[in-house]
Amino acid sequence: MSFKRFEQEDFVISSDTVTSTVWSGFQPSLNTYHTSSVQKEGSSGPYYLNIYQKDSTENGSEIQFSLAFADSTGRGSVLFDSSVPQKSPSRTNYGQYRTLVLEDENAEFTFGPSFTGSYFYALSVERARYKEKLFPGSLNLVLSSSNSQITRLHLTDDSNEVKLPTFFGTQRAFQIISGSDGNAYRGNGHSKSGSYGLFLPDISTILLNGSALDDNNGPGVSGTNDGCGINLLTTFPTGSDQDNVSKLFRHISGSPGPSTSDSNIFKLNSQETITSDFVFVRTRNSEFNYSENPSFISGSTGEVIYTYFIDNPTTFPTSVGMYNNSNELLAVAKLSRPITKDFTKEALIRIKLDF
């Protein structure tokens, strides 16, 4: 065994970005959508609706994302107490996302340059579906219209249209626009009511502007932007659950309109930054040529048994141990195969440590 202290130039730090789809089974797109009646009728039902890729009772069924409706004045939900106005699940949701995104309980959500939205729909990707964050430019969400004519609204984020995203504190936000793969179909891709929402990759959340989706004219020709919505028809009376979340679910799953049996496509990728430390072990021609294996030494005299190891030693390194200053073994790097080392050879071994 031989030792050598690492020098500063032996260490290199590198980071690589890895992307992958967020959906179960590594599927590139989600095109089947299911809900659970048990969850909807349970204690969490008034707040959000979980969406599965299979029937919730089937093996392998997993939550893909959740939908929620939020309103600043608590409309569209049953009041917690009929004697206390504006206190309902929709207002609770609004306050939670306002704190999470805007980090200011007195601020308002703005979609596009200046349109202030008092209500929106929140789409949150299940945490188990990704490791770090969502990948800007990968969002492709198709919504079906409620019009008699079968039309669809294609939504994406504007990451390829802007040089810098909007920042809420240190959190990035991109506008949701009519288009695909991060590019607008026409103009800036906004509706008559501002952008179609906000794409928040660092918290895996999509906020859809309710006013933009509620436009009665529908999206027009599929694949273009007429500045319209999908006729979502959000309803606001308090005192009863208006089930606005289920309305959006039907537009996502492709059920609105006549004969729309084919499901819509939802594409989205995750992004992960992997930091790697590279350690280079340099063995010069004069180093690591002798072995301390006791089988090479005479037990009685202490002399080298094989004399040719004195003038022409040869070793076959198979691993590299990494020690701290207290001579404690911290890690072992295994070579794919033994290397031959003698006075006529040098070796350079690269060790990669991922965190």
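The values are calculated or read from the model by the stated rules, or taken from the named source; none is laboratory data. As the structure is a computational prediction, the values presented were derived from the model and not from experiment. For neighbour counting, all protein chains shown are included, and Cβ atoms are generated from backbone atoms with ideal geometry for every residue, glycine included. Only protein heavy atoms, including side chains, enter the accessible area calculation; ligands, DNA and RNA are left aside. Shrake-Rupley method; radii C 1.70, N 1.55, O 1.52, S 1.80 Å.
Details
- The slack between THR340 and SER44, meaning 0.36 nm per residue of separation minus the straight C-alpha distance, is 100.1 nm.
- Spatially proximal lysines relative to LYS345 (Cα-Cα < 18 Å; intrachain offsets below 8 disregarded): LYS4
- Applying 1/(1 + (r/R0)^6) with r as the Cβ-Cβ distance of LYS192 and THR99 and R0 = 35 angstrom yields a FRET efficiency of 0.75.
- Among 157-168, 194-205, the peptide with the highest mean count of other Cβ atoms within 10 Å heads the list, and the full ranking is 194-205, 157-168.
- Residue of SER61, SER77, SER138 that the Gaussian network model of the chain assigns the largest fluctuation, springs spanning Cα pairs under 10 Å: SER61
- Solvent-accessible surface (1.4 angstrom probe) belonging to LYS87, in square angstrom, nearest 10: 90 Å²
- Ranked by the mean number of other Cβ atoms within 10 Å of their residues, highest first, the peptides 116-122, 181-187, 311-317 fall in the order 116-122, 181-187, 311-317.
- Dividing the summed -39500 (n - 2.57) terms of all DSSP H runs of n ≥ 4 by the residue count of the chain sets its mean residue ellipticity at 222 nm at -2000 deg cm²/dmol.
- Only protein heavy atoms count here; on that basis, with a 1.4 Å probe, ARG98 has an accessible area of about 60 Å².
- With the simple model of a label 7 Å out from the Cα in the direction of the Cβ, ASN160 to ASP181 spans 0.5 nm.
- Difference of contour (0.36 nm per residue) and Cα-Cα distance, PHE296 to SER114: 57.4 nm
- Proximal lysines to LYS163, defined as alpha-carbon separation beneath 26 angstrom and excluding residues fewer than eight positions away on the same chain: LYS131, LYS133, LYS192, LYS267
- Here the contact order of the chain, divided by its residue count and restricted to Cα pairs under 8 Å and six or more residues apart, works out to 19 percent.
- Dipole size of segment 6-155 about its Cα centre, with +1 on Lys/Arg Cβ and -1 on Asp/Glu Cβ: approximately 800 debye, rounded to the nearest 20.
- Given charges at beta-carbon only (K, R positive; D, E negative), |dipole| of the chain in Debye: 400 debye
- Here TYR323 and VAL18 are evaluated by their C-beta separation; at R0 = 30 Å the FRET efficiency comes out at 0.45.
- Alpha-carbon centroid distance for the pair segment 129-208 / segment 306-355, whole angstrom: 52 Å
- Placing pseudo-labels 7 Å out from each Cα toward the beta carbon at ASP55 and SER83 gives an inter-label distance of 4.6 nm.
- Computed FRET value (nearest 0.05) for ASP202 with GLU7, which takes r as the C-beta separation and R₀ as 51 Å: 0.85
- Probe 1.4 Å - accessible area at GLU41, Å² to nearest ten: 150 Å²
- When SER295, SER180 are compared by accessible area of protein heavy atoms, the largest-first order is SER295, SER180, using a 1.4 Å probe.
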